Amino acid sequence: MPRSRQQPLEHRLLLTATFCLLAGGAVMVFSASSARTLLEGQGDGTAYLVKYVMYGAVGLAVMHVLSRVGLDKVRRVTPLLLVVAFVLLLLVLIPGFGVRINGARRWLGAGPLQFQPAEIMKLALVLHACAMIAARPKLTRSLRAAGPVFLPGAAAVLLIAMQPDLGTALVCSFTMAAILVAGGLPIRQLALVAGAGAVLVMLFALVEPYRRARLVSFLDPWAHAGTDGFQSVQGQIAIGSGGVFGLGPGQSVQKIFYLPEAHTDFILAVIGEELGLAGICGLLALYGMIAYAGLRTAKAARDTYSKLLAAGITSLILCQALLNVYTVLGLAPLTGVPLPFISSGSTSLIVLLSGMGLLLNVARGGTGGLRAVKDPSSPRKEEHGRTQGRDRGRRDGGPRRAGHRGGRRAAS
């Protein structure tokens, strides 16, 4: 029996890292949420674990489908996905449609079935940018030519920031910048946009009092430990008390009424308290595996679209992971970005697993090139060509007679 073809090393590394992150995420979501939900009388403490497993199963199913579908089909549905994402973002901002939670209007739906359109927009922007640059490589020669990529990205970032969701807006901005650099845009020109964007972000942060308070508390969280710096300080206490090897699984103290959003945005602090520095380093090593395998996949891809798609999805995962890690460690202001594949977030989990499915597709040899249309008269042409080839073979490849002109004479 012939052996099944072994997948490339990059494919196996990506799959291994994804499954390890999902397994660790299920354990840590249960650990971070069970004690508090039990003490609050909200069931047996498995509610968030069941939710994580259910949405993770949906995400794995989508990942499996996208890892095998033709990338040319993904290119064809990208414009529709982008339009749908913009419509959903606009609906979020309309009173009566968007669901307001903790002062932010970021969700659509009702009851437990709610989702964040901003998460869908992240993947839609990556697909749009890759398709546009692959179809017209001249877009990355200058900032003026890159308008078809910049304008939808800027509009999406503005709508996301109005929710407000500055963290997701930053992730979209960093990912789009990485795709443009991978497409060939000079870094000097991109630096001008980055500088202007940093100024706009600073002004955006200073306009609202609560964002201004977050910025001030980020500079010195311990001076505001009882107010705006409370979450950052509690996260640092959790990581510091874990030491090198942690207090042990399930032994965190900060997750019980001390650390807000312990099972979502600040789950890294619980990991640091229970598993210590070793657990955080192991988590970062798994993201390092995704970075290594994703960039190798982009380098080995067979066409421009596949290269950009692999680079874009890898950048999306890493930008979101790094922003979350910096926030928990106190190296960046609070942004509310979940940790990829680990935090309890339904839409984020499904979207990131969908992106991983596309990355696995490229890793196993998928391409996004457009197929040539077959000429209806081609069978006749092919048959005619085969007939000529046989005649030519008989004429040129037959045995030569001994007296043929130009042949060697037999030795006398």
Find all pairs meeting these conditions: Cβ atoms under 7 angstrom apart; at least six residues apart or on different chains; first residue within the range 233-255 and closer than 13 Å to Ile271 by Cβ; second residue assigned to a loop (DSSP other than H, G, I, E, B) and of a type outside the set (Val, Ile, Thr). Gly235/Leu259; Gly235/Phe266; Ala238/Ser252; Ala238/Gln254; Ala238/Leu259; Lys255/Ala262
Number of positions in the range 299-323 that are surrounded by fewer than 24 Cβ atoms within 10 Å (Cβ to Cβ), more than 26 Å from Pro333 (Cβ to Cβ) and either among the polar types (S, T, N, Q) or within 14 Å of the chain's Cα centre (by Cα) (or both): 1
Boolean, Ala32 is crowded, with 18+ Cβ neighbours inside 10 Å and more than 23 Å from the chain's Cα centre (by Cα): yes
Long-range neighbours under 8 Å by Cβ, at least six apart or interchain, first residue farther than 19 Å from Gly330 by Cβ and among the aromatic types (Phe, Trp, Tyr) within the range 202-220, second assigned to a helix (DSSP H, G or I) and at pLDDT below 75: Phe204/Arg211
For the range 143-155, which residues satisfy the criterion of being within 23 Å of Ile187 (Cβ to Cβ) and in a helix (DSSP H, G or I)? Gly147, Pro148, Val149, Phe150, Leu151, Pro152, Gly153, Ala154
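Just to be sure I understand, how many residues within the range 318-335 are among the aliphatic types (A, V, I, L, M), out of contact with any Gly (no Cβ under 7 Å at 6 or more places or on another chain) and more than 13 Å from Gly235 (Cβ to Cβ)? Spell out the reasoning first.
Step one: list which residues in the range 318-335 are among the aliphatic types (A, V, I, L, M), which gives 318, 321-323, 325, 328-329, 331-332, 334.
With the extra rule that they be out of contact with any Gly (no Cβ under 7 Å at 6 or more places or on another chain), the set shrinks to 318, 321-322, 325, 329, 331-332, 334.
If we keep only those that are more than 13 Å from Gly235 (Cβ to Cβ) as well, we get 318, 321-322.
Of the residues in that region, 3 qualify.
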Yes/no for Ile160 being buried (at least 23 other Cβ atoms within 10 Å of the Cβ) and more than 16 Å from Leu90 (Cβ to Cβ): no
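For residues in the range 198-247 being among the aromatic types (Phe, Trp, Tyr) and under 25 Å from Ala177 (Cβ atoms), which is surrounded by the most Cβ atoms within 10 Å (Cβ to Cβ)?
First, the residues of the range 198-247 that are among the aromatic types (Phe, Trp, Tyr): 204, 210, 218, 222, 230, 245.
Next cut, under 25 Å from Ala177 (Cβ atoms) only: 204, 218.
On the way: Phe204: 16, Phe218: 19.
Only one residue fits best here, namely Phe218.
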Single unsatisfied condition, Arg212 versus (1) within 29 Å of Gly45 (Cβ to Cβ); (2) in a helix (DSSP H, G or I); (3) touching a helix residue (DSSP H, G or I) at 6+ places or on another chain (Cβ under 6 Å): (1)
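The values are calculated or read from the model by the stated rules, or taken from the named source; none is laboratory data. Small disclaimer: the values here were computed from a predicted structure and weren't measured. Positions of Cβ are generated from backbone atoms using ideal geometry, with glycine treated the same way; all protein chains shown enter the neighbour counts.
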